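Report on the following structure.
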Amino acid sequence: MADTCAILLAAGKGERFGSPAGKLWTPIAGKPVLLWAIERFHSHPEVDHIVLVGQGAELPRLQDIASRFSKITAVVKGGRERWESVRLGLDAVPEGDRWVLVHDAARAAVSADLISRVLQATRQTGAAIPALRVADTLKWVDEDDMVRATLPRERRQDGQRWRTMAVQTPQGFAVDILREAYVRFDHLQNIPTDDAMLVEGFHPVTVVPGDPQNIKLTYPEDLAQMERILTGGGEVRTGFGYDVHPFAEGRRLMLGGVQVPSPRGLAGHSDADVVLHAITDALLGAAGLDDIGTLFPSTDPAYRDADSVELMCLAWERVRQQGWLVVNVDVTVLAETPRLRPYVSAMRERIADALQIQPDRVNIKATTSERMGFIGREEGIACYAVATLRR
Ligand code: CTP
Ligand code: MG
């Protein structure tokens, strides 16, 4: 019987993360953080419905995503504070649902086991949250980085030893209990920092073991860890690519997907972007696939003047379908002229965007050939690339 709804909170500003695009839209292995989170709940057999709470400006984009997931029954606009977003999400929980899981979409690595664990305790007790023991000592520190006080990690109370714990989401509740919490809640008194805070005053809240992997993407430095958790260890492989094209009059010079001002371009069947061709071969090579010339033969009129960004994307799609992620791409361009330094960062952005990775995973260097050989005689441009992949 369908009776369980997850409220996925994605209406925050991600201020501490500090990316203008927003932390939940940051791609990890080519997929936005938000999608990772949605998929975790959508694929869970005990979750029947999902309510997605987002910022007003992002609702069209979220609706678009929602249309691809049958369990998403509503996309609603969130509020200024997290608790307001929860309340607005709660209003959209389908009638008849008895259990609700409130989850930070920024905890995109939530496991199926953790969802099950919280749900089981919620069904038994009406309210359950996951929490981890705190190993560190917690202190109050002022704005001048001075210690003001130490929080006791344990305390004796009611003949027991109480301990501080760090709580996570999803937090599970009987829908009626969480609704009642919002009726009782006076937001002028205290701003709740989690959902259980609103419930624990009138209904017991059970704690189940949290999951150390269930981290919240909060600061930029959390991204690498989130990526490790989401993509796992896995096999690592490196591929190598090389390409060279002669200069030709009357053509644009395309390098790394960027048009570089130059009196001459490079001759070739496609747009002759040696940088992208070398990268494409490195990616294909790492995956053990056929090279670019075999995939896109220069005898095929379909690839005449082809945009090499598109060719690279087509090749990358084949590699990606075999489960590979880009660890990094490193490139050296050999060109006596023109000077490429001013265009390197645009190339990095363009390539990273095409491969759906962060620009810091793409490195591009340019060097002359000290006037020696065919590069030195300005007959053409060559490029070396290595790509490291993981799956
Ligand atoms: N959230 C929300 N509505 C709000 C505030 C937060 O839906 N008004 C969501 C966030 O999108 C996030 C989760 O609640 O998934 C936890 O909040 P937090 O990690 O603090 O994210 P942000 O508020 O986006 O980040 P910051 O506090 O750094 O701005
Ligand atoms: Mg916040």
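The values are calculated or read from the model by the stated rules, or taken from the named source; none is laboratory data. Since we're looking at a predicted model, the values are computed, not measured. All Cβ positions, even for glycine, are placed from backbone atoms using ideal geometry, and neighbour counts span all protein chains on display. Accessible surface areas use protein heavy atoms only, side chains included; no ligands, DNA or RNA. Shrake-Rupley method; radii C 1.70, N 1.55, O 1.52, S 1.80 Å.
Which one of these does I364 not meet: (1) within 17 Å of S308 (Cβ to Cβ); (2) open to solvent by 60 Å² or more (accessible area, probe 1.4 Å); (3) modelled with pLDDT of 95 or more; (4) not small (G, A, S)? Every condition holds for I364 apart from (2). One residue stands out among those in the stretch 8-48 that are in a strand (DSSP E or B) and more than 9 Å from ligand 1 (Cβ to nearest atom): the one that is least open to solvent (accessible area, probe 1.4 Å), which is I28.
Restricting attention to the stretch 316-339, the residues that are out of contact with any helix residue (DSSP H, G or I) (no Cβ under 8 Å at 6 or more places or on another chain) and either at positive phi or touching a residue at least 40 places away in the same chain (Cβ under 8 Å) (or both) total 7. Does R117 satisfy the condition of being over 15 Å from H49 (Cα atoms), of a type in the set (K, R), within 16 Å of ligand 2 (Cβ to nearest atom) and touching a residue at least 40 places away in the same chain (Cβ under 8 Å)? So R117 does not fit the description; no. Candidates in the stretch 167-192 are the residues that are part of a loop (DSSP other than H, G, I, E, B) and among the hydrophobic types (A, V, I, L, M, F, W, C); of these, the one that is least open to solvent (accessible area, probe 1.4 Å) is F185.
Flag: T73 does not match the condition of being open to solvent by less than 10 Å² (accessible area, probe 1.4 Å), over 16 Å from the mean Cα position of the chain (by Cα) and more than 16 Å from ligand 2 (Cβ to nearest atom).
Residues that are closer than 27 Å to K31 by Cα and β-branched (V, I, T) were ranked within the stretch 102-160; the one that is nearest to the chain's Cα centre (by Cα) is V110.
Would you be able to say whether some residue in the stretch 195-206 is in contact (Cβ under 8 Å) with a residue 24 or more places away in the chain, under 19 Å from V134 (Cα atoms), open to solvent by 30 Å² or more (accessible area, probe 1.4 Å) and out of contact with any Lys or Arg (no Cβ under 7 Å at 6 or more places or on another chain)? Yes, that holds for at least one residue. Comparison of V344, V329, V309 shows that the only residue that is among the aliphatic types (A, V, I, L, M) and closer than 24 Å to V236 by Cβ is V329.
Suppose the filter is open to solvent by 40 Å² or more (accessible area, probe 1.4 Å) and more than 10 Å from ligand 1 (Cβ to nearest atom); does D64 pass it? Yes: the conditions hold for D64. Among the residues of the stretch 15-24, none is identified as within 8 Å of ligand 2 (Cβ to nearest atom) and either under 15 Å from the mean Cα position of the chain (by Cα) or under 19 Å from P170 (Cα atoms) (or both). Given the structure, is D91 within 16 Å of ligand 1 (Cβ to nearest atom) and either open to solvent by less than 70 Å² (accessible area, probe 1.4 Å) or out of contact with any Gly (no Cβ under 8 Å at 6 or more places or on another chain) (or both)? When the stated conditions are applied, D91 passes them. Scanning the stretch 61-83 for residues that are without any contact (Cβ under 8 Å) to a residue 40 or more places away in the chain and not basic (K, R) yields Q63, D64, I65, A66, S67, F69, S70, I72, A74, V75, V76. Return yes when D91 is more than 16 Å from ligand 2 (Cβ to nearest atom) and modelled with pLDDT of 95 or more and no when it is not. Taking the combined requirement at face value, the residue satisfies it. Listed here are the strands (runs of 3 or more DSSP E) enclosed by the stretch 95-158 that have at least 3 residues being open to solvent by less than 80 Å² (accessible area, probe 1.4 Å) and touching a Ser or Thr at 6+ places or on another chain (Cβ under 7 Å): 99-104.
The residues on offer are L311, L334, L325, and the sole one that is within 17 Å of the chain's Cα centre (by Cα) and within 18 Å of A282 (Cβ to Cβ) is L325.
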